Amino acid sequence: MKNLPLSGIKRICRVICVPVILSLGFLTAAKITHAQAKMIKDPDVIGRWDITMDKGGKSLPSWLEVQKSGTHTLIGRFTYAFGSARPISEVKPHDGKYSFSIPPQWEEGTRNMDFEFDVNGDVIKGTMVYTDGVTYNFTGVRAPLLARSKTPVWGQPIKLFNGKDMKGWHTDGTNQWVVESGILSSKHSGANLISDQTFTDFKLHVEFRYQQGSNSGIYLRGRYEVQVIDTKSGEPEPINNQFSAVYGFLPPNKMMAKDPGEWQSYDITLVGRLVTIVANGTTVISRQEIPGITGGAINSKEGEPGPILFQGDHGPIDYRNIVITPAK
(Lines give C-alpha, C1' and ligand atoms only; values in the text may rest on other atoms or scores of the structure.)
Protein backbone atom coordinates (compact mmCIF):
# COMPACT_ATOMS: atom_id res chain seq x y z
CA MET A 1 0.00 0.00 0.00
CA LYS A 2 1.34 3.39 -0.96
CA ASN A 3 1.98 5.75 1.90
CA LEU A 4 -0.10 8.97 1.75
CA PRO A 5 1.56 12.28 2.36
CA LEU A 6 0.71 14.01 5.65
CA SER A 7 -1.37 16.64 3.86
CA GLY A 8 -3.56 13.90 2.37
CA ILE A 9 -4.17 12.28 5.74
CA LYS A 10 -5.25 15.65 7.14
CA ARG A 11 -7.68 16.14 4.30
CA ILE A 12 -9.26 12.68 4.87
CA CYS A 13 -9.64 13.38 8.61
CA ARG A 14 -11.41 16.66 7.88
CA VAL A 15 -13.86 14.82 5.61
CA ILE A 16 -14.46 11.71 7.74
CA CYS A 17 -13.16 12.06 11.31
CA VAL A 18 -14.64 15.45 12.24
CA PRO A 19 -18.26 14.56 11.33
CA VAL A 20 -17.93 11.23 13.20
CA ILE A 21 -16.59 12.95 16.32
CA LEU A 22 -19.36 15.56 16.15
CA SER A 23 -21.98 12.85 15.73
CA LEU A 24 -20.63 10.95 18.72
CA GLY A 25 -20.71 14.16 20.72
CA PHE A 26 -24.32 14.83 19.80
CA LEU A 27 -25.31 11.27 20.68
CA THR A 28 -23.60 11.50 24.05
CA ALA A 29 -25.29 14.82 24.78
CA ALA A 30 -28.64 13.39 23.73
CA LYS A 31 -28.17 10.43 26.06
CA ILE A 32 -27.33 12.73 28.96
CA THR A 33 -30.34 14.95 28.23
CA HIS A 34 -32.62 11.92 28.01
CA ALA A 35 -31.23 10.51 31.23
CA GLN A 36 -31.75 13.84 32.97
CA ALA A 37 -35.31 14.02 31.67
CA LYS A 38 -36.02 10.54 33.02
CA MET A 39 -34.73 11.62 36.43
CA ILE A 40 -37.12 14.61 36.57
CA LYS A 41 -40.40 13.24 37.95
CA ASP A 42 -43.63 15.10 38.48
CA PRO A 43 -44.32 15.59 42.18
CA ASP A 44 -46.77 13.17 43.80
CA VAL A 45 -49.13 16.04 44.57
CA ILE A 46 -50.22 16.18 40.92
CA GLY A 47 -53.57 14.46 40.46
CA ARG A 48 -57.01 14.38 42.03
CA TRP A 49 -57.73 13.87 45.70
CA ASP A 50 -60.85 12.77 47.59
CA ILE A 51 -60.74 14.63 50.88
CA THR A 52 -62.63 14.48 54.18
CA MET A 53 -62.63 17.53 56.45
CA ASP A 54 -62.93 17.12 60.21
CA LYS A 55 -64.86 20.29 60.98
CA GLY A 56 -66.36 20.65 64.42
CA GLY A 57 -66.81 16.90 64.81
CA LYS A 58 -68.47 16.56 61.40
CA SER A 59 -66.95 14.80 58.41
CA LEU A 60 -67.34 17.06 55.37
CA PRO A 61 -66.46 15.86 51.84
CA SER A 62 -64.14 17.95 49.68
CA TRP A 63 -62.08 17.47 46.54
CA LEU A 64 -58.76 18.78 45.22
CA GLU A 65 -57.10 18.68 41.82
CA VAL A 66 -53.48 19.75 41.27
CA GLN A 67 -51.91 20.04 37.83
CA LYS A 68 -48.85 21.54 36.22
CA SER A 69 -48.98 24.83 34.34
CA GLY A 70 -45.95 25.22 32.10
CA THR A 71 -42.66 23.77 33.28
CA HIS A 72 -42.93 24.07 37.05
CA THR A 73 -45.90 26.12 38.33
CA LEU A 74 -48.68 24.16 40.03
CA ILE A 75 -52.32 25.22 39.78
CA GLY A 76 -55.57 23.49 40.66
CA ARG A 77 -59.25 23.35 41.55
CA PHE A 78 -60.99 22.81 44.87
CA THR A 79 -64.52 21.78 45.83
CA TYR A 80 -65.65 22.35 49.40
CA ALA A 81 -68.64 20.76 51.17
CA PHE A 82 -70.93 23.20 49.38
CA GLY A 83 -70.70 25.48 46.36
CA SER A 84 -69.01 24.82 43.05
CA ALA A 85 -65.45 23.91 42.10
CA ARG A 86 -63.29 27.01 42.31
CA PRO A 87 -59.89 27.72 40.69
CA ILE A 88 -56.57 27.75 42.55
CA SER A 89 -54.17 30.22 40.95
CA GLU A 90 -51.08 28.59 42.47
CA VAL A 91 -50.24 25.63 44.69
CA LYS A 92 -46.98 26.61 46.36
CA PRO A 93 -44.34 24.07 47.44
CA HIS A 94 -42.20 24.85 50.50
CA ASP A 95 -40.04 22.59 52.69
CA GLY A 96 -41.77 19.41 51.55
CA LYS A 97 -45.26 20.81 52.05
CA TYR A 98 -47.76 22.58 49.79
CA SER A 99 -50.12 25.47 50.35
CA PHE A 100 -52.79 27.47 48.57
CA SER A 101 -55.38 30.10 49.39
CA ILE A 102 -58.84 30.74 47.93
CA PRO A 103 -61.39 33.49 48.60
CA PRO A 104 -64.78 32.67 50.13
CA GLN A 105 -67.60 31.66 47.81
CA TRP A 106 -70.75 30.93 49.83
CA GLU A 107 -68.94 30.86 53.16
CA GLU A 108 -69.62 33.53 55.76
CA GLY A 109 -66.83 36.01 56.39
CA THR A 110 -64.36 37.78 54.16
CA ARG A 111 -60.97 36.21 54.91
CA ASN A 112 -59.49 33.62 52.58
CA MET A 113 -59.50 29.90 53.24
CA ASP A 114 -55.86 28.84 53.69
CA PHE A 115 -54.64 25.29 53.13
CA GLU A 116 -51.36 23.57 54.00
CA PHE A 117 -50.70 19.89 53.42
CA ASP A 118 -48.23 17.18 52.53
CA VAL A 119 -48.49 14.16 50.29
CA ASN A 120 -47.10 10.70 50.95
CA GLY A 121 -47.71 8.42 47.98
CA ASP A 122 -51.48 8.14 47.63
CA VAL A 123 -52.32 9.84 50.93
CA ILE A 124 -52.82 13.55 51.58
CA LYS A 125 -52.97 15.18 55.02
CA GLY A 126 -53.20 18.80 56.08
CA THR A 127 -55.06 21.71 57.63
CA MET A 128 -57.57 24.31 56.52
CA VAL A 129 -57.93 27.73 58.15
CA TYR A 130 -61.58 28.55 57.56
CA THR A 131 -63.13 31.97 56.95
CA ASP A 132 -63.79 32.26 60.70
CA GLY A 133 -60.06 31.87 61.42
CA VAL A 134 -60.44 28.42 63.01
CA THR A 135 -58.08 25.64 61.89
CA TYR A 136 -59.47 22.23 60.90
CA ASN A 137 -57.70 19.02 59.90
CA PHE A 138 -58.27 17.00 56.75
CA THR A 139 -57.11 13.72 55.25
CA GLY A 140 -57.64 12.18 51.86
CA VAL A 141 -56.64 9.64 49.26
CA ARG A 142 -55.91 9.74 45.56
CA ALA A 143 -59.18 9.66 43.64
CA PRO A 144 -59.90 6.47 41.67
CA LEU A 145 -59.83 6.59 37.86
CA LEU A 146 -63.18 4.76 37.55
CA ALA A 147 -62.20 3.67 34.04
CA ARG A 148 -64.30 0.83 32.65
CA SER A 149 -62.70 -1.80 30.39
CA LYS A 150 -66.00 -3.20 29.09
CA THR A 151 -69.22 -1.79 27.70
CA PRO A 152 -71.92 -2.18 30.37
CA VAL A 153 -74.64 -4.79 30.09
CA TRP A 154 -77.86 -3.28 31.36
CA GLY A 155 -80.18 -4.99 33.77
CA GLN A 156 -83.91 -4.57 34.26
CA PRO A 157 -85.41 -1.09 34.80
CA ILE A 158 -86.40 -0.30 38.38
CA LYS A 159 -89.13 2.15 39.35
CA LEU A 160 -87.51 4.10 42.17
CA PHE A 161 -90.76 5.94 42.87
CA ASN A 162 -93.98 3.90 42.99
CA GLY A 163 -96.25 6.92 42.61
CA LYS A 164 -98.10 6.13 45.85
CA ASP A 165 -95.79 6.75 48.79
CA MET A 166 -92.15 7.31 49.76
CA LYS A 167 -91.25 3.66 50.14
CA GLY A 168 -87.59 3.19 49.20
CA TRP A 169 -86.62 6.75 50.14
CA HIS A 170 -85.39 8.58 53.24
CA THR A 171 -84.38 12.15 54.09
CA ASP A 172 -81.29 13.62 55.71
CA GLY A 173 -83.37 15.76 58.07
CA THR A 174 -86.96 16.57 58.99
CA ASN A 175 -89.08 15.36 56.07
CA GLN A 176 -91.08 17.92 54.08
CA TRP A 177 -91.60 15.69 51.00
CA VAL A 178 -95.12 14.48 50.17
CA VAL A 179 -96.74 12.30 47.51
CA GLU A 180 -99.82 13.67 45.75
CA SER A 181 -101.46 12.33 42.58
CA GLY A 182 -98.39 10.38 41.54
CA ILE A 183 -96.05 13.33 42.12
CA LEU A 184 -93.21 13.48 44.64
CA SER A 185 -93.13 17.06 45.92
CA SER A 186 -91.12 19.27 48.21
CA LYS A 187 -93.43 22.21 48.96
CA HIS A 188 -90.71 24.34 50.53
CA SER A 189 -86.99 24.27 51.30
CA GLY A 190 -86.01 21.47 53.65
CA ALA A 191 -84.29 18.09 53.69
CA ASN A 192 -82.75 16.26 50.76
CA LEU A 193 -84.40 13.04 49.59
CA ILE A 194 -82.18 9.96 49.20
CA SER A 195 -82.88 6.56 47.67
CA ASP A 196 -82.41 3.56 49.96
CA GLN A 197 -80.76 1.63 47.13
CA THR A 198 -77.27 2.46 45.92
CA PHE A 199 -75.89 2.13 42.40
CA THR A 200 -72.63 2.11 40.46
CA ASP A 201 -73.24 2.50 36.71
CA PHE A 202 -76.75 3.17 35.47
CA LYS A 203 -79.21 4.87 33.15
CA LEU A 204 -81.67 7.20 34.88
CA HIS A 205 -84.91 8.71 33.59
CA VAL A 206 -86.52 11.42 35.71
CA GLU A 207 -89.17 14.08 35.12
CA PHE A 208 -89.39 17.29 37.13
CA ARG A 209 -91.15 20.61 37.43
CA TYR A 210 -90.06 23.77 39.25
CA GLN A 211 -91.62 27.08 40.09
CA GLN A 212 -90.21 30.39 38.90
CA GLY A 213 -86.82 31.03 40.47
CA SER A 214 -86.64 27.63 42.16
CA ASN A 215 -83.66 25.30 42.25
CA SER A 216 -82.92 21.64 42.89
CA GLY A 217 -80.42 19.04 41.79
CA ILE A 218 -80.11 15.33 41.01
CA TYR A 219 -77.05 13.78 42.64
CA LEU A 220 -75.65 10.74 40.83
CA ARG A 221 -74.25 8.21 43.31
CA GLY A 222 -74.99 10.98 45.79
CA ARG A 223 -71.82 12.82 44.68
CA TYR A 224 -72.27 14.47 41.28
CA GLU A 225 -75.02 17.08 40.94
CA VAL A 226 -76.89 17.53 37.68
CA GLN A 227 -78.37 21.00 38.02
CA VAL A 228 -82.17 21.50 38.05
CA ILE A 229 -82.78 25.23 38.01
CA ASP A 230 -84.94 27.96 36.50
CA THR A 231 -82.33 29.19 34.06
CA LYS A 232 -84.83 31.11 31.90
CA SER A 233 -86.25 33.48 34.50
CA GLY A 234 -84.21 32.89 37.65
CA GLU A 235 -81.11 34.69 38.85
CA PRO A 236 -78.15 34.63 36.40
CA GLU A 237 -75.67 31.78 36.92
CA PRO A 238 -72.36 30.83 35.29
CA ILE A 239 -72.92 28.40 32.40
CA ASN A 240 -71.35 25.58 34.46
CA ASN A 241 -74.09 26.06 37.07
CA GLN A 242 -77.09 26.30 34.77
CA PHE A 243 -79.84 23.91 33.75
CA SER A 244 -78.55 20.39 32.84
CA ALA A 245 -74.94 21.18 33.81
CA VAL A 246 -72.88 18.95 36.07
CA TYR A 247 -72.63 21.63 38.73
CA GLY A 248 -69.43 23.64 38.52
CA PHE A 249 -67.75 21.27 36.05
CA LEU A 250 -69.55 20.45 32.79
CA PRO A 251 -71.75 22.95 30.91
CA PRO A 252 -74.44 21.86 28.45
CA ASN A 253 -73.64 22.45 24.78
CA LYS A 254 -77.17 23.72 24.20
CA MET A 255 -79.73 25.25 26.54
CA MET A 256 -82.92 23.15 26.51
CA ALA A 257 -84.66 24.53 29.59
CA LYS A 258 -88.42 25.05 29.39
CA ASP A 259 -90.46 27.65 31.22
CA PRO A 260 -91.18 27.32 34.95
CA GLY A 261 -94.29 25.25 35.61
CA GLU A 262 -93.69 22.91 32.65
CA TRP A 263 -92.75 19.26 33.07
CA GLN A 264 -89.22 18.51 31.86
CA SER A 265 -87.03 15.41 31.65
CA TYR A 266 -83.48 14.19 31.97
CA ASP A 267 -82.13 10.90 30.65
CA ILE A 268 -78.75 10.41 32.26
CA THR A 269 -76.20 7.65 31.65
CA LEU A 270 -73.29 7.31 34.08
CA VAL A 271 -70.51 4.79 33.41
CA GLY A 272 -67.46 5.25 35.61
CA ARG A 273 -66.82 8.99 35.37
CA LEU A 274 -68.33 9.33 31.89
CA VAL A 275 -71.73 11.00 31.83
CA THR A 276 -74.23 11.60 29.05
CA ILE A 277 -77.19 13.92 29.68
CA VAL A 278 -80.22 14.19 27.42
CA ALA A 279 -82.31 17.21 28.44
CA ASN A 280 -85.87 17.33 27.11
CA GLY A 281 -84.94 14.98 24.28
CA THR A 282 -81.68 16.65 23.20
CA THR A 283 -78.17 15.43 24.11
CA VAL A 284 -76.43 18.33 25.83
CA ILE A 285 -73.47 16.46 27.37
CA SER A 286 -72.02 13.39 25.64
CA ARG A 287 -69.63 10.99 27.41
CA GLN A 288 -67.83 13.73 29.29
CA GLU A 289 -65.64 12.99 32.29
CA ILE A 290 -66.83 14.22 35.68
CA PRO A 291 -63.57 15.27 37.39
CA GLY A 292 -64.70 14.94 41.00
CA ILE A 293 -67.43 15.44 43.56
CA THR A 294 -69.62 18.52 43.48
CA GLY A 295 -70.66 20.63 46.45
CA GLY A 296 -73.33 18.96 48.57
CA ALA A 297 -72.04 15.42 47.99
CA ILE A 298 -72.91 12.85 50.66
CA ASN A 299 -69.24 11.86 50.92
CA SER A 300 -66.02 11.80 48.90
CA LYS A 301 -65.77 8.00 48.54
CA GLU A 302 -65.89 8.02 44.76
CA GLY A 303 -64.99 4.35 44.38
CA GLU A 304 -68.13 3.19 46.18
CA PRO A 305 -71.72 2.83 44.95
CA GLY A 306 -74.07 5.62 45.93
CA PRO A 307 -77.74 6.62 45.98
CA ILE A 308 -79.84 8.93 43.88
CA LEU A 309 -80.34 12.17 45.84
CA PHE A 310 -82.81 14.96 45.13
CA GLN A 311 -81.87 18.33 46.54
CA GLY A 312 -84.66 19.74 48.67
CA ASP A 313 -83.11 22.77 50.33
CA HIS A 314 -83.35 25.30 47.46
CA GLY A 315 -87.08 25.83 46.95
CA PRO A 316 -90.21 23.96 45.82
CA ILE A 317 -89.73 21.08 43.39
CA ASP A 318 -91.80 18.22 41.90
CA TYR A 319 -90.55 14.85 40.58
CA ARG A 320 -92.26 11.92 38.87
CA ASN A 321 -91.55 8.87 36.65
CA ILE A 322 -88.20 8.04 38.27
CA VAL A 323 -86.80 4.92 36.58
CA ILE A 324 -83.25 3.59 36.89
CA THR A 325 -81.63 0.82 34.84
CA PRO A 326 -78.47 -0.41 36.61
CA ALA A 327 -75.59 -2.16 34.92
CA LYS A 328 -75.29 -5.85 35.70
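The values are calculated or read from the model by the stated rules, or taken from the named source; none is laboratory data. Quantities reported herein were computed from a predicted structural model and do not represent experimental measurements. FYI the Cβ positions are ideal-geometry reconstructions off the backbone, even for glycines, and counts take in every protein chain you see. Heavy atoms of the whole protein, side chains included, go into the accessibility calculation; ligands, DNA and RNA do not. Shrake-Rupley method; radii C 1.70, N 1.55, O 1.52, S 1.80 Å.
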- prompt: Among S195, S186, which is the only one that is of a type in the set (S, T, Y), within 13 Å of I322 (Cβ to Cβ) and modelled with pLDDT of 95 or more?
  reply: S195
statement: Of the residues in segment 233-267, those that are without any contact (Cβ under 8 Å) to a residue 40 or more places away in the chain and more than 17 Å from A85 (Cβ to Cβ) number 12
message: Kindly evaluate V153 against the criterion of being open to solvent by 70 Å² or more (accessible area, probe 1.4 Å) and either of a type outside the set (K, R) or on the phi > 0 side of the Ramachandran plot (or both).
response: yes
message: Name the single residue that is surrounded by the fewest Cβ atoms within 10 Å (Cβ to Cβ) among those in segment 208-263 being of a type in the set (V, I, T) and assigned to a strand (DSSP E or B).
response: I218
field: Qualifying strands (runs of 3 or more DSSP E) (wholly inside segment 142-193; at least 2 residues being touching a Phe, Trp or Tyr at 6+ places or on another chain (Cβ under 9 Å) and farther than 23 Å from Q211 by Cα)
entry: none
- prompt: Within segment 215-249, restricting attention to residues that are among the aliphatic types (A, V, I, L, M) and under 19 Å from S265 (Cβ atoms), which residue is farthest from the chain's Cα centre (by Cα)?
  reply: I229
message: Name the residue that is surrounded by the most Cβ atoms within 10 Å (Cβ to Cβ), counting only residues in segment 264-295 that are assigned to a strand (DSSP E or B), under 16 Å from the mean Cα position of the chain (by Cα) and of a type in the set (D, E, K, R).
response: E289
- request: Would you check if W63 is touching a Phe, Trp or Tyr at 6+ places or on another chain (Cβ under 8 Å) and surrounded by fewer than 11 Cβ atoms within 10 Å (Cβ to Cβ)?
  value: no
Of all residues making up segment 123-147, the number that are farther than 12 Å from I51 by Cα and open to solvent by 30 Å² or more (accessible area, probe 1.4 Å): 9
Filtered residue count, segment 229-267, keeping only those that are in contact with a Lys or Arg (Cβ under 9 Å, 6 or more places away or on another chain) and charged (D, E, K, R): 5
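Considering only residues that are out of contact with any Ser or Thr (no Cβ under 7 Å at 6 or more places or on another chain) and closer than 22 Å to I194 by Cα, which ones fall in segment 279-300? Explain how you work it out, then say what you get.
Pass one, segment 279-300, residues out of contact with any Ser or Thr (no Cβ under 7 Å at 6 or more places or on another chain): 281-282, 288-291, 296-299.
Passing the criteria: I290, G296, A297, I298, N299.
For the condition farther than 19 Å from D42 by Cβ, outside any strand (DSSP E or B) and modelled with pLDDT under 95, what is the one hit in T131, T110?
Result of the check over T131, T110: T110.
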field: Which listed residue, of G281, G234, G213, G261, is over 24 Å from F78 (Cβ atoms), at pLDDT below 95 and touching a strand residue (DSSP E or B) at 6+ places or on another chain (Cβ under 8 Å)
entry: G234
- prompt: Out of all the residues in segment 209-255, which are hydroxyl-bearing (S, T, Y) and touching a helix residue (DSSP H, G or I) at 6+ places or on another chain (Cβ under 7 Å)?
  reply: Y247
field: Hey, I293 in contact (Cβ under 8 Å) with a residue 40 or more places away in the chain and out of contact with any Leu (no Cβ under 6 Å at 6 or more places or on another chain) or not
entry: yes
message: If I go through segment 82-113 residue by residue, how many of them are open to solvent by less than 80 Å² (accessible area, probe 1.4 Å), within 18 Å of the chain's Cα centre (by Cα) and not β-branched (V, I, T)?
response: 6
message: Given the criterion polar (S, T, N, Q), at pLDDT 95 or above and part of a strand (DSSP E or B), identify the matching residue among S62, S84.
response: S62
